[in-house]
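S.K.: Got a structure for you, written out below as structure tokens; questions coming shortly.
The values are calculated or read from the model by the stated rules, or taken from the named source; none is laboratory data. Keep in mind it's a predicted model, so treat the numbers as computed, not measured. Backbone-built Cβ (ideal geometry, glycine too); neighbour counts: all protein chains shown.
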Amino acid sequence: MLGNLKDSVKEFSSSVKSAVTEKQLDEEDVEPILEDFRLKLLKNNVSLEVAQEIEEEMKQKLVGEEVGRNNVEDRVEEAFRNKIGELVDDDFNLEKSIEGSDEPATVFLIGFNGSGKTTTAAKLADKLKHRGVVLGAGDTFRAASIEQLQEHGENLDVKVVAHEYESDPAAVGYDTVEHAEKNGKVAIVDTAGRSHSDDNLMNELEKMVDVNDPDVSFLVVDALAGNDVLEQADAYEGMFDAVIVTKMDVDEKGGAVLSLSHRSGKPIAFLGTGQDYADLEEFDTEKFADRILD
Ligand SMILES: Nc1nc2c(ncn2[C@@H]2O[C@H](COP(=O)(O)OP(=O)(O)OP(=O)(O)O)[C@@H](O)[C@H]2O)c(=O)[nH]1
Ligand SMILES: [Mg+2]
């Protein structure tokens, strides 16, 4: 996880270190090193906007400073860590956001095709099982999607509310919430994967979110989708409260996490870190920075 990004920060540190003599660092010293670092960030799927912000921060922290050779790494790390703290919002707590709601609490998962919605719905069901959960098969569109969720339901011993294929997903959402209400449970509703070019499916989703008014709607994105995740965040704007980034276990780059929260103004809530139900980590910005820097 994050191997490439980690190497880039290390290489940046050692480039600055070799540029340091006993004098102050000036712009000319750091400019080429920073440019190289920016390119590496871009290669790691960090958006241009965010890469430029990181570069600017590094420049401010390094130019004009009497940085002794031995302090270079600390200085680079500190600047990088501070910037990540500013860029990536982790202010989200699932239990709190569903606790404050009128009963029953409702959680939606929305996002692009194959991003990990159904798997993550099952992981969330496992996490919230102690409160009582019901899953809603709101993907009535993709072949075998209902059976896929039902299989998770069986594995987890959680009820799944499902209708026919091609039926109205808003009605599935409604029935799931009704079941949750009667039984004092949390409703977790899966939805069909949509590409933003598909107006019908996007409109249907907007209607579904409107009608069911979930307490928390998660945008689920695949870390491996690279910079496309930014377009996805734009396309789903207004329909989600927090982001879940999946497949972090197979992503060496990490750029999606660095750019998404900044772009969408929403917190990163969880990281998907594997295919088991337990592989859903609460996102913590400091821990994320540690992973890149340690
Ligand atoms: N390695 C890894 N695989 C994951 C993770 N999350 C999901 N997957 C896998 O990604 C694939 C797609 O996951 P789904 O949950 O079916 O994705 P989806 O968004 O529901 O897909 P559609 O319903 O077709 O839009 C499956 O093979 C999952 O096992 C993760 O965190 N790590
Ligand atoms: Mg699915």
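S.K.: For region 126-183, give me each residue that is away from ligand 2 (no atom under 15 Å from the Cβ), in a helix (DSSP H, G or I), touching a strand residue (DSSP E or B) at 6+ places or on another chain (Cβ under 6 Å) and of a type in the set (A, V, I, L, M, F, W, C).
M.R.: Those that are away from ligand 2 (no atom under 15 Å from the Cβ), in a helix (DSSP H, G or I), touching a strand residue (DSSP E or B) at 6+ places or on another chain (Cβ under 6 Å) and of a type in the set (A, V, I, L, M, F, W, C): Val177, Ala180.
S.K.: Then there's this: Of the residues that sit in region 145-170 and are of a type in the set (A, V, I, L, M) and at pLDDT 95 or above, which one is nearest to Thr118 (Cα to Cα)? Working first, answer last.
M.R.: So the first thing to find is which residues in region 145-170 are of a type in the set (A, V, I, L, M), and the list is 146, 149, 156, 158, 160-162, 170.
After this cut, where a residue has to be at pLDDT 95 or above as well, the list is 146, 149, 156, 158, 160-162.
Working: Ile146: 10, Leu149: 7, Leu156: 13, Val158: 14, Val160: 12, Val161: 14, Ala162: 14 Å.
Filtering first and then ranking leaves Leu149.
S.K.: In region 265-285, what residues are exposed (fewer than 14 other Cβ atoms within 10 Å of the Cβ) and either touching a Lys or Arg at 6+ places or on another chain (Cβ under 8 Å) or hydrophobic (A, V, I, L, M, F, W, C) (or both)?
M.R.: Ala278
S.K.: With the structure loaded, tell me whether Ile110 is within 16 Å of ligand 1 (Cβ to nearest atom) and within 24 Å of Ile98 (Cβ to Cβ) or whether it fails that test.
M.R.: On the way: within 16 Å of ligand 1 (Cβ to nearest atom): yes; within 24 Å of Ile98 (Cβ to Cβ): yes.
Yes: the conditions hold for Ile110.
S.K.: If we keep just the residues of region 172-211 that are within 25 Å of Glu103 (Cβ to Cβ) and among the hydroxyl-bearing types (Ser, Thr, Tyr), which is surrounded by the fewest Cβ atoms within 10 Å (Cβ to Cβ)?
M.R.: Tyr174
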